[in-house]
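The values are calculated or read from the model by the stated rules, or taken from the named source; none is laboratory data. Just so it is clear, the model here is predicted, and its values are computed rather than measured. Here the Cβ positions follow ideal geometry from the backbone for every residue, glycine too, while neighbour counts run over all protein chains shown. For accessibility, only protein heavy atoms count, side chains too; no ligands or nucleic acids. Shrake-Rupley method; radii C 1.70, N 1.55, O 1.52, S 1.80 Å.
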Amino acid sequence: MTNPLIESRDAFAAQHPEQRIDLNGREWGLCDVGSGPVLILIPGTLGRGDVFWQQITALKDRLRILAVTYPSSGGIVDWSGDLITLMDRLGVESAAVLGSSLGGYLAQYMAANAPARVTKLIAANTLCAVHGIDQRLPYSLDLMNAPIADLRAGFGQGLGAWAVAHPEQANLVALLLAEVNGRIPEPELRNRLMGLKSAPELTPVPLSRADIVIIEADDDPLIPPQMRAAVRDTLKPGCAYRFLAGGHFPYVARPDTYTGLLEQVMGLPLTGTDWGTGEERAL
């Protein structure tokens, strides 16, 4: 049986193959597509840079998008410095930065520590603290030495439960399982988990409220309501985009709605879904 999401993503990857680039001794993946104001896209644990392929395709004629894939070493502090190095190398003075999940934590750290380089912080389906995360699976495991089959099985159980509850998202689940089961190589997968487990405490982001945006979903199985509330309380965003449904991966599950969101944030003519106005926008 064919999977239209995987087929579409693979077609994008064939047209825009991931570059491999050394940044401070760590090998990153990079999709550098389009022209115009710069938007950096940072995925979560389950996705390479091209997991945002639908938004990149919709926006590449109006933005220059740098979608990155994590290296197999380093952590939040290192990665933030690496992304600044990437910007320096490409001649990018400043950029809007969207991070989802793990990427959202990294984006917050980057905005707090290099605010002059971040025009907008878009913190998506993410958390603002990691205290106690080492007490929860899979982070309570020895992430660098536990059998990779055990780590992958944990992701599989969670995704399987989501597929049962949301059969309409079976294609999305299959795409994510393919990431878990090898499209993200074992060292990279382990290190992404370790990156969050060992993440430093975040400090306040010194951007104006108008330049801070959050994205959340009411049915996100990984970011519960109390964590979403903590992100709001910590960042005090000028605008909060709330998916009434979309799970942890609304950019894949509801691509047109996500594209419309980004068009609004980046001040572009609207081609995706119109979210309306206000400090909180829900669809």
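From Ala107, Ala114, grab the single residue that is small (Gly, Ala, Ser), closer than 16 Å to Val213 by Cα and either surrounded by fewer than 24 Cβ atoms within 10 Å (Cβ to Cβ) or at pLDDT 95 or above (or both).
Exactly one residue qualifies, and that residue is Ala107.
Quick one: in the stretch 62-83, of everything that is of a type in the set (Val, Ile, Thr) and open to solvent by less than 30 Å² (accessible area, probe 1.4 Å), which residue is nearest to Leu207 (Cα to Cα)?
Checking each candidate, the answer is Ile76.
Would you kindly identify the helices (runs of 4 or more DSSP H) lying entirely within the stretch 209-283 that contain at least 1 residues that are touching an Asp or Glu at 6+ places or on another chain (Cβ under 8 Å) and of a type outside the set (A, V, I, L, M)? Even if it seems obvious, please write down each step before you answer.
Numbers: elements: 225-235, 250-253, 255-266.
Answer list for the stretch 209-283: 225-235, 255-266.
Does the stretch 10-25 hold any residues that are open to solvent by less than 70 Å² (accessible area, probe 1.4 Å) and on the phi > 0 side of the Ramachandran plot, and which are they?
Gly25
Just give me the residues in the stretch 38-60 being more than 20 Å from Ser80 (Cα to Cα) and either surrounded by fewer than 19 Cβ atoms within 10 Å (Cβ to Cβ) or among the charged types (D, E, K, R) (or both), in sequence order.
The answer is Lys60, and nothing else.
What's the number of the condition Thr119 fails, among (1) in a helix (DSSP H, G or I); (2) at pLDDT 95 or above; (3) surrounded by fewer than 23 Cβ atoms within 10 Å (Cβ to Cβ)?
Against the list (1) in a helix (DSSP H, G or I); (2) at pLDDT 95 or above; (3) surrounded by fewer than 23 Cβ atoms within 10 Å (Cβ to Cβ), Thr119 comes up short only on (1).
Of the residues Ala245, Ala210, Ala229, only one is without any contact (Cβ under 8 Å) to a residue 12 or more places away in the chain, open to solvent by 10 Å² or more (accessible area, probe 1.4 Å) and over 16 Å from the mean Cα position of the chain (by Cα); which?
Ala229
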